[in-house]
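Reading through the structure tokens given below for one structure.
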Amino acid sequence: MNENTGRNYMKRALRLAKRGGGFVNPNPQVGAVIVRDGEIVGEGYHEMFGGPHAEVKALQDAGESASGATLYVNLEPCVHYGKTPPCTKKIIESGLDRVYVAIEDPNPRVAGKGIKRLREEGIKVSVGLMEEEARKVNEIFLHYVEKNRPFVLLKLAMTLDGKIATRTGDSRWISSETSRKLVHELRARYSAVGVGVSTVIADDPRLNVRNAEGPDGARFVFDSNGRTPESSRIFTISSDAPTIIATGETLPEDSLTKFEKNGAKVWQFRKKRGHLDLDGLLERMGERGYDSLLVEGGGEIAWSFIDQNLVDKIRFFYSPKIVGGKEAVPSVGGRGRATVEDALGIEDLKVEEIGGDVSVVGYPV
């Protein structure tokens, strides 16, 4: 096999895998491509949680052409019975000759067993083709399996001078329409989206998916003192996803009743250094099956996640505007670090222009 040709087939598998984003949580995004005599004869991806896996869809697409063919798949085929039969069984029955796997599945129920089973049946298996790219596609799944808590993306939109609102509180709109559409795509990908109560009071966001295809994630409001107004739009939107108020454990009973009467769930936590115990929040989210959390600000909650070392990835949008002012709202508030040496470092940076804005993506060191 020509290496570049093989990479092209795996790239196709990765592109297919991304189509399942948001629909398969907390399962991985998987795409599969079957090639015979230099031609793609079958392909598929995991389309929804509980549905057929990518390999099965590709085999169905290929039919009898799968015999003697090669499969490219971005994650190790499963070997256990779950909501669907094991993919290894279907692969063996199909007569496939070779399988290229980008990365092994860290799930203890798989973890190399699928690859071993295929090799036992005489199928040639190669592992590691486009491994780095495959890990990025499934960074949420890999993190969730390893730590049993959601992968946290901190998203902020700000002016060039780092402000998310002017001194009068005006913030509409800082980022471009194209950037805002991308944010809705992120909401569709992540199983939960969260903001601080100050953002709810100032902007009254809906936190649902409107300008993208995909499901709504659960809406979390980080509100240690129960200040979320009853008139907030997060209580009135029609959605299958819940609204959850994360608040302090000493909140009065009448405040709990107020939120529950409006259809919200209430999760209570002790405070840590005077702030909501976000570490405990993420732990509970993991236990409830939330594999990912998109934090959309504001500045105080952004600092809380950074200060507690709970951010796994950032996506900042910089609009080509300068508003200035000491009283304008900074993108990250809180007390901040005492020295530049102690600042949170960001690595593996990716910078691109989106609708006139500059998008910066990176990972905390």
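The values are calculated or read from the model by the stated rules, or taken from the named source; none is laboratory data. Every value quoted in this text rests on a predicted model; they were computed, and no experiment measured them. Virtual Cβ from ideal backbone geometry, glycine too; neighbours counted across all protein chains shown. Please note that ligands, DNA and RNA were not included when accessible areas were found on the heavy atoms of the full protein model with its side chains. Shrake-Rupley method; radii C 1.70, N 1.55, O 1.52, S 1.80 Å.
How large a share of the accessible area of the chain, in percent, is made up of carbon and sulfur atoms when the probe is 1.4 Å and the other protein chains stay in place? All intermediate terms of the calculation are to be shown ahead of the outcome.
Numbers: 7810 of 17420 Å².
Carbon with sulfur: 45 percent of the solvent-accessible area.
Given the pairs Lys18/Lys57; Lys116/Lys136; Lys89/Lys113; Lys89/Lys147; Lys181/Lys261, which are separated by over 22 angstrom at their Cα positions? Can you show the working numbers first?
Values: Lys18/Lys57 15 Å; Lys116/Lys136 24 Å; Lys89/Lys113 12 Å; Lys89/Lys147 29 Å; Lys181/Lys261 32 Å.
From Lys18/Lys57; Lys116/Lys136; Lys89/Lys113; Lys89/Lys147; Lys181/Lys261, over 22 Å: Lys116/Lys136; Lys89/Lys147; Lys181/Lys261.
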At what distance in nm do the modelled label points of Arg273 and Asp170 sit from each other, each positioned 7 Å from its Cα along Cα→Cβ? 3.6 nm
Shape call for the stretch 1-71 from the C-alpha gyration tensor, a ≥ b ≥ c root eigenvalues: rounded (a/c under 1.5), prolate (a/b greater than b/c) or oblate? oblate
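Between Glu249 and Arg288, what length comes free when the chain is fully extended (0.36 nm per residue of separation minus the Cα-Cα distance, one decimal in nm)? List each step's numbers first, then the result.
Numbers: separation 39, 0.36 × 39 = 14.04 nm, distance 1.90 nm.
Full-extension gain reported as 12.1 nm.
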Please calculate how many Å² of accessible area the chain carries per residue, with a 1.4 Å probe and no DNA, RNA or ligand atoms counted. 48 Å²
Separation between the Glu93 and Gln60 pseudo-spin-labels, each 7 Å from Cα along Cα→Cβ, expressed in nm? 1.3 nm
On a straight-distance basis, which aspartates and glutamates could pair with Lys326 in a cross-link, Cα separation under 14 angstrom, same-chain partners fewer than 8 positions away excluded? Asp161
Which of Ile92, Ile301, Ile34 moves the most in a Gaussian network model of the chain with Cα springs under 10 Å? Ile92
Calculate I(q)/I(0) for the chain by the Debye formula, one identical point scatterer on each C-alpha and no solvent, and give its log10 at q = 0.07, 0.09, 0.11, 0.13 Å⁻¹ to two decimals. -0.36, -0.57, -0.81, -1.03
Across all Cα atoms of the stretch 268-365, Rg and the largest Cα-Cα distance (Dmax), in Å, are 15.3, 43
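Grab the beta carbon distance between Glu120 and Glu260, set R0 = 45 Å, and tell me the FRET efficiency rounded to 0.05. Mind dumping the intermediate values first?
Details: r = 54 Å, r/R0 = 1.20.
It comes to 0.25.
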Name the long-range amide H neighbours of Asn225: under 5 Å, sequence gap of 5 or more, or other chain; modelled H, no Pro or chain starts. Gly248
Using modelled amide H (1.01 Å from N, peptide plane; none on Pro or chain starts), what sits under 5 Å from the amide H of Gly194, excluding residues fewer than 5 places away? Phe220, Leu294, Val295, Glu296
A correct Karplus calculation of ³J(HN,Hα) over the stretch 160-167, with 6.51 cos²θ - 1.76 cosθ + 1.60, θ = phi - 60°, whole Hz and x for Gly and Pro, returns 4, 8, x, 9, 9, 6, 6, 5
Distant-in-sequence amide H partners of Lys313 (H built 1.01 Å from N, under 5 Å): Val152, Leu154
12 Å Cα-Cα reach of Lys163 towards aspartates and glutamates, excluding residues that sit fewer than 8 places from it in its own chain: Glu327
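Starting from 0.36 nm per residue, how many nanometres of slack lie between Asp161 and Lys136 once their C-alpha separation is accounted for? Don't skip to the end; give the middle numbers.
Working: separation 25, 0.36 × 25 = 9.00 nm, distance 3.00 nm.
Here the answer is 6.0 nm.
Quick one: net charge of Tyr144's neighbours, Cβ under 13 Å, K/R +1, D/E -1? Can you show the working numbers first?
Details: positive: Lys147, Arg149, Arg288; negative: Asp105, Glu139, Glu146, Glu283, Glu287, Asp291, Asp312.
Net charge around Tyr144: -4.
Figure the gain on full extension for His184 and Arg19 (residue separation times 0.36 nm, minus the Cα-Cα span) and round it to one decimal in nm. Show your work: numbers first, answer last.
On the way: separation 165, 0.36 × 165 = 59.40 nm, distance 1.51 nm.
Using 0.36 nm per residue and subtracting the Cα-Cα distance, I get 57.9 nm.
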Mind giving me the FRET efficiency for Ser67 and Arg109? R0 is 35 Å, r the Cβ-Cβ distance, nearest 0.05 is fine. 0.80
Between Arg7 and Leu344, with labels modelled 7 Å along Cα→Cβ, what's the label distance in nm to one decimal, could you check? 3.3 nm
For the stretch 15-22, 3J(HN,Hα) per residue [Karplus equation, 6.51 cos²θ - 1.76 cosθ + 1.60, θ = phi - 60°, Hz, x = Gly/Pro]: 5, 5, 4, 5, 5, x, x, x
Mean projection area, nm², convex hull over Cα of the stretch 162-240: 6.0 nm²
For the stretch 101-111, Karplus-derived ³J(HN,Hα) couplings (6.51, -1.76, 1.60; θ = phi - 60°; whole Hz; x for glycine and proline) come out as 10, 6, 9, 6, 7, x, 4, x, 6, 10, 6
Any chance you could check the Cα centroid distance between the stretch 208-286 and the stretch 96-111 for me, in angstrom? 38 Å
